[in-house]
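Notes to accompany the following structure.
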Amino acid sequence: MPLMTSEMWLAIASCDASYDGQFYYGVSSTGIFCRPSCKSRTPNPKHVHIFSNAQAALASEYRPCKRCKPEGKRLPEEEWVESIAAMMDERYEEPLTLAALAEMSHVSPYHIQRTFKRIKGKSPAAYLQQVRVEAAKGLLLSATELSISEVGVRVGYPNAAHFATVYQKETGSSPSAYRMAAAKQCKKMDLGEDGEP
């Protein structure tokens, strides 16, 4: 059984995903083993045992952690990033900060930022902003009874001024100007190009 180095302990204490697959750790007081990135409560270092692989931990009668699933294969990075993007697509109205996404994914904010940007070509924040603006466009057209600030709240921007600023930056138009232009376009289409019904 390998000895725990100070580097390993630091990786465990900081839940550093870059060490996943390099070693695993078991906690004798619980009988459970984890990946270094596991977000479970930091164990007492006296109870930590290091394993070079999951099979060695299982052979020592440690149970795999249900949170970090150390015996399972890691998702390829592309699939992992797509699963984070899908979460943002579905839950864009929630306050999905980088820290919140990192916690849900059991990795460090730095790791999620770097990997997401490398694969998607934009940061998680920029991706989420794009998703929210697209959702806002749909609401501005279909839910005309909602005020601009209500649309902002529905897509994850509780501050109306911030919503308007983000929307303008992404589309080149204010939310109200977009809604008015779309309404005019619909009216033209209803009447026909010459203005006759």
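The values are calculated or read from the model by the stated rules, or taken from the named source; none is laboratory data. None of these values were measured; they are calculated from a predicted model. With ideal geometry, Cβ positions are generated from the backbone for all residues, glycine too; neighbour counts draw on all protein chains shown. Ligands, DNA and RNA are stripped out before the accessible areas are found, and what is left, the full protein with its side chains, is counted by its heavy atoms. Shrake-Rupley method; radii C 1.70, N 1.55, O 1.52, S 1.80 Å.
Results, tabulated for the structure shown:
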quantity	calculated
Using θ = phi - 60° and Karplus 6.51 cos²θ - 1.76 cosθ + 1.60, couplings along segment 162-177 (whole Hz; Gly, Pro as x)	5, 4, 4, 5, 4, 4, 4, 5, 6, 10, x, 9, 6, x, 5, 5
Spin-label model distance (nm) - Gln22 vs Thr42, 7 Å beyond Cα toward Cβ	1.8 nm
Pairwise FRET efficiency - Gln130 versus Ala183, Cβ, R0 = 30 Å, nearest 0.05	0.80
Segment 34-180 - Kirkwood radius from inverse mean 1/r over Cα pairs (Å)	17.9 Å
Accessible area, probe 1.4 Å, largest first, for residues Met8, Met1	Met1, Met8
Helix-only [θ]222 nm of the chain, DSSP H runs n ≥ 4, -39500 (n - 2.57) each, per residue, nearest 500	-16000 deg cm²/dmol
Accessible surface, 1.4 Å probe, highest first, among residues Arg118, Arg132	Arg118, Arg132
Glu94 paired with Ala59, simple spin-label distance in nm, labels 7 Å along Cα-to-beta-carbon	4.0 nm
Restricting segment 36-110 to trypsin sites (Lys or Arg not before Pro) in coil, as DSSP defines it, with at most 10 other Cβ within 10 Å	Arg41, Lys66, Lys73
Residue-normalised accessible area of the chain, expressed per residue, 1.4 Å probe, Å²	59 Å²
Among Val107, Thr144, Ala181 the positive-end extreme of the charge dipole of segment 58-197 (Cβ point charges)	Val107
Dipole magnitude of segment 46-197 about its Cα centre (Cβ charges: Lys, Arg +1; Asp, Glu -1), debye to nearest 20	780 debye
Exposure of Thr97 as accessible area (Å², to 10), given a probe of 1.4 Å and all protein chains	80 Å²
